[in-house]
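The values are calculated or read from the model by the stated rules, or taken from the named source; none is laboratory data. Please read all numbers here as calculations on a predicted model, not as lab measurements. Backbone-built Cβ (ideal geometry, glycine too); neighbour counts: all protein chains shown. Just so you know, the surface numbers come from the protein's heavy atoms only, side chains and all, with ligands and any DNA or RNA stripped out. Shrake-Rupley method; radii C 1.70, N 1.55, O 1.52, S 1.80 Å.
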Amino acid sequence: MRTNGNLALQPAYKPQYQPKQADLRRKAEVMRAEKSRVKAKNVNVAVAIFYMAIIFAVAFCLVSREVSLYEKSSQINRLENRLEQAQSETKQAQIAAERVIDLNKLEEAAATKFAMSRPERTQTVYINIQKSDYVEKAAQRNVSVELAQNIQGSIKNLFGIFGVN
């Protein structure tokens with residue numbers, strides 16, 4: 001007989017059921033390890049799906065923003081084209097209106113309807129204004145009043161930062 005280090009006798013034979021229990025323990029450990037690997041794999045798949053969903057959402061937001069920008073820019077281009085067209089039509093209408101106006105008929109209508117006439121040479125007076133004949137006066141600045149107002153405004157801003165009115 002052999003001792004097991006503690007003076008306890010170790011049986012010379014091993015019962016038949018111990019290897020089976022050891023095998024069962026090993027199988028249980030293998031099953032636990034397999035389950036933990038499957039769980040880890042499932043968790044990794046779930047995390048990957050979550051990240052893919054986030055990436056899809058961000059991509060969707062970016063694409064929708066680009067689409068809205070494209071729509072706005074095309075709308076701006078359409079409105080600018082309409083504005084240019086309206087401006088050209090306005091210029092054409094002004095040119096047509098100027099062609100229709102006859103100055104001789106206009107002068108005749110002013111003379112007959114409103115009793116207007118051209119001024120004579122004696123009625124016309126010409127005045128020569130030189131730049132040195134007039135004065136522009138700038139407002140005078142009161143430096144002390146401006147300084148006091150600036151200090152007062154700074155103090156109000158400082159108290160405004162701290163929430164005191």
Exactly one condition in (1) assigned to a loop (DSSP other than H, G, I, E, B); (2) modelled with pLDDT of 90 or more; (3) basic (Lys, Arg) is false for ARG141; which is it? (2)
Please pick out the residue among LEU62, LEU9, LEU79 that is of a type outside the set (Phe, Trp, Tyr), at pLDDT 95 or above and open to solvent by 80 Å² or more (accessible area, probe 1.4 Å). LEU79
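Quick check on region 82-103: of everything there that is charged (D, E, K, R), in a helix (DSSP H, G or I) and modelled with pLDDT under 90, which residue is least open to solvent (accessible area, probe 1.4 Å)?
Out of the qualifying residues, it is GLU98.
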May I ask you to verify whether ARG37 is at pLDDT below 85 and either open to solvent by 100 Å² or more (accessible area, probe 1.4 Å) or in contact with a Lys or Arg (Cβ under 7 Å, 6 or more places away or on another chain) (or both)? yes
